[in-house]
Amino acid sequence: MSGALLPSRNATSSSSSSSSSSSRVSLSAMRVLLRCRVLGAAAGVGVLLLLYLLLFGGPLPGEVGEQQQEEQQEQQEKDGGGRNSSPSLKRLELLLAQKEKEEEKKKEEENEEKFSSRRSRRHEVPGTGTRTGSGVNREGNVITRSRIKSNGGRPGGRRARVEEVMHLAVVACGNRLEETLTMVKSALLFSVKKIKFHIFAEDPLASHFEKGLGRWPVAISAKFQYHIYPITFSVGNTEEWKKLFKPCAAQRLFLPVILKEVDSLLYVDTDVLFLRPMDDIWAFLKEFNSTQLAAMAPEHEVPKIGWYSRFARHPFYGVTGVNSGVMLMNLTRIRSTLFKNSMIPGGLSWEDLLHPLYQKYKNHITWGDQDLLNIIFHYNPECLFTFPCLWNYRPDHCMYGSNCKEAEEEGVSILHGNRGVYHDDKQPAFKVIYDAIRDFPLEDNLFQSLFYPIQTKFLDTVNTLCGRIPQVFLKQVEKTMRKVYELKVIRHVRPHH
């Protein structure tokens with residue numbers, strides 16, 4: 001039994017061994033199959049990605065976010081000039097920009113207020129505080145209307161530009177052509193604002209004035225206007241008025257009547273020279289009080305040697321009288337005032353007063369129209385403003401000893417060469433100034449062609465009565481020339497905005 005059973009166990013063992021071997025083969029085949037499937041799937045994905053790149057040319061889906069992030073970072077670096085544009089820096093930049101805008105807006109508002117303030121002051125009639133309308137107003141302010149350009153619908157475009165014009169009157173008869181042109185030239189050399197000249201001249205001189213003024217350079221001509229009037233007198237005998245003191249000098253008395261459209265005016269004699277801007281004496285109009293309507297300088301500073309205080313046979317202003325060679329006038333006030341006098345108690349207007357006043361005093365006056373002005377302001381002293389002697393400096397201030405202290409301290413502002421001193425050698429200090437301005441080529445250098453020749457020639461006058469104190473004649477003119485030079489330099493150097 002035991003022998004029969006042994007083969008049976010061997011057969012069983014052989015059968016189980018064969019079964020185990022076949023199961024191992026099947027597992028290996030399954031692994032191989034799985035690998036093939038994975039490789040096939042990977043190859044399929046690779047083929048799909050390759051097709052995607054070939055067809056669309058874009059980045060891989062997983063790289064889109066990274067590329068966008070890199071592009072945004074590059075753009076931020078460009079915008080920030082290579083700086084790291086973090087949120088805090090961005091906020092800081094926004095705050096700074098907002099602050100700059102607020103400061104610019106504040107400056108614009110301040111400039112607007114200053115402009116409005118200047119414009120309102122320019123529209124005021126000197127000494128009255130009243131404003132005038134557009135066009136050529138009674139103060140002589142020429143208002144040029146500028147076009148208001150569109151500002152994108154925003155309010156506050158360009159405002160109308162206001163330009164003040166000063167008015168200067170002179171009366172020329174006889175041989176006063178050269179003297180008058182030299183006076184006009186001196187006014188234009190230094191003044192800032194434009195000037196309108198009202199020239200009253202005899203008929204033979206009118207064409208000569210037009211020819212003389214027309215020869216000047218365009219740059220000078222742009223600074224002034226002029227109008228030439230005939231000699232006319234509205235009341236009394238014309239020939240009698242013409243012969244009063246000097247030929248045609250009485251014409252100045254009728255300026256308020258003739259120049260009805262002019263509010264304020266500076267009258268000067270033909271033998272006057274400006275050594276500083278006319279703008280400075282024009283500014284005295286703003287210093288007039290509510291009753292003052294004219295301004296002149298005293299005839300003399302020392303009563304004991306003054307002409308009026310010693311020889312006058314008629315009433316005169318103040319202690320020493322006044323000199324009418326330089327006379328600043330508010331013509332509007334003169335035309336509207338009733339003047340007290342010794343003839344009637346109620347007062348007379350300027351035009352109604354002139355002829356009866358002349359008739360009453362014509363046998364007692366020596367200096368013609370100047371004496372009549374002294375009589376008028378003797379009875380109406382509240383109407384006159386007096387300015388210092390340096391604004392009407394004459395040989396009388398130095399030929400009897402220096403008696404104009406203001407001129408010694410500040411220099412002469414307006415030189416008045418009466419007594420014919422520009423044309424003789426009695427007071428060479430006056431003649432040196434006149435000759436230099438007359439011969440100065442317009443638009444040349446002021447220092448090289450005007451001041452240095454004056455300074456050099458003035459050395460020959462230091463032993464004369466009026467030349468012994470050189471600073472009286474040279475101080476103000478040097479100061480004025482420096483100002484003119486500085487204005488020109490600043491105007492050319494100042495950057496354009």
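The values are calculated or read from the model by the stated rules, or taken from the named source; none is laboratory data. Values in this document were obtained by computation on a predicted structure and should not be read as measured data. For neighbour counting, all protein chains shown are included, and Cβ atoms are generated from backbone atoms with ideal geometry for every residue, glycine included. Ligands, DNA and RNA are stripped out before the accessible areas are found, and what is left, the full protein with its side chains, is counted by its heavy atoms. Shrake-Rupley method; radii C 1.70, N 1.55, O 1.52, S 1.80 Å.
Listed here are the residues, each with its yes/no results for (1) buried (at least 22 other Cβ atoms within 10 Å of the Cβ); (2) touching a Pro at 6+ places or on another chain (Cβ under 6 Å); (3) in contact (Cβ under 8 Å) with a residue 12 or more places away in the chain.
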site	(1), (2), (3)
216	no, no, yes
221	no, no, no
225	no, no, yes
234	no, no, yes
250	yes, no, yes
263	yes, no, yes
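Summed over the range 208-228, the residues that are assigned to a strand (DSSP E or B) and out of contact with any Leu (no Cβ under 8 Å at 6 or more places or on another chain) give a count of 3.
So which of 473, 430, 440 ends up being over 13 Å from residue 273 (Cα atoms) and out of contact with any Lys or Arg (no Cβ under 6 Å at 6 or more places or on another chain)? Result: 440 is the single residue among 473, 430, 440 that is over 13 Å from residue 273 (Cα atoms) and out of contact with any Lys or Arg (no Cβ under 6 Å at 6 or more places or on another chain).
When the range 442-487 is filtered for residues that are open to solvent by 60 Å² or more (accessible area, probe 1.4 Å) and assigned to a loop (DSSP other than H, G, I, E, B), the ones remaining, listed by number, are 443, 444, 445, 463, 465, 468. Applying the condition of being in contact with a strand residue (DSSP E or B) (Cβ under 7 Å, 6 or more places away or on another chain) and aromatic (Phe, Trp, Tyr) to the range 381-423 and asking which residue is modelled with the lowest pLDDT yields 387.
The single condition among (1) in contact with a helix residue (DSSP H, G or I) (Cβ under 6 Å, 6 or more places away or on another chain); (2) closer than 26 Å to residue 248 by Cα; (3) among the hydroxyl-bearing types (Ser, Thr, Tyr) that residue 349 does not satisfy is (1). May I ask you to verify whether residue 374 is touching a residue at least 12 places away in the same chain (Cβ under 8 Å), open to solvent by less than 30 Å² (accessible area, probe 1.4 Å) and outside any helix (DSSP H, G or I)? No: the conditions fail for residue 374. The set of residues in the range 377-396 that are in a helix (DSSP H, G or I), farther than 13 Å from residue 320 by Cα and open to solvent by less than 10 Å² (accessible area, probe 1.4 Å) comprises 383, 390, 395.
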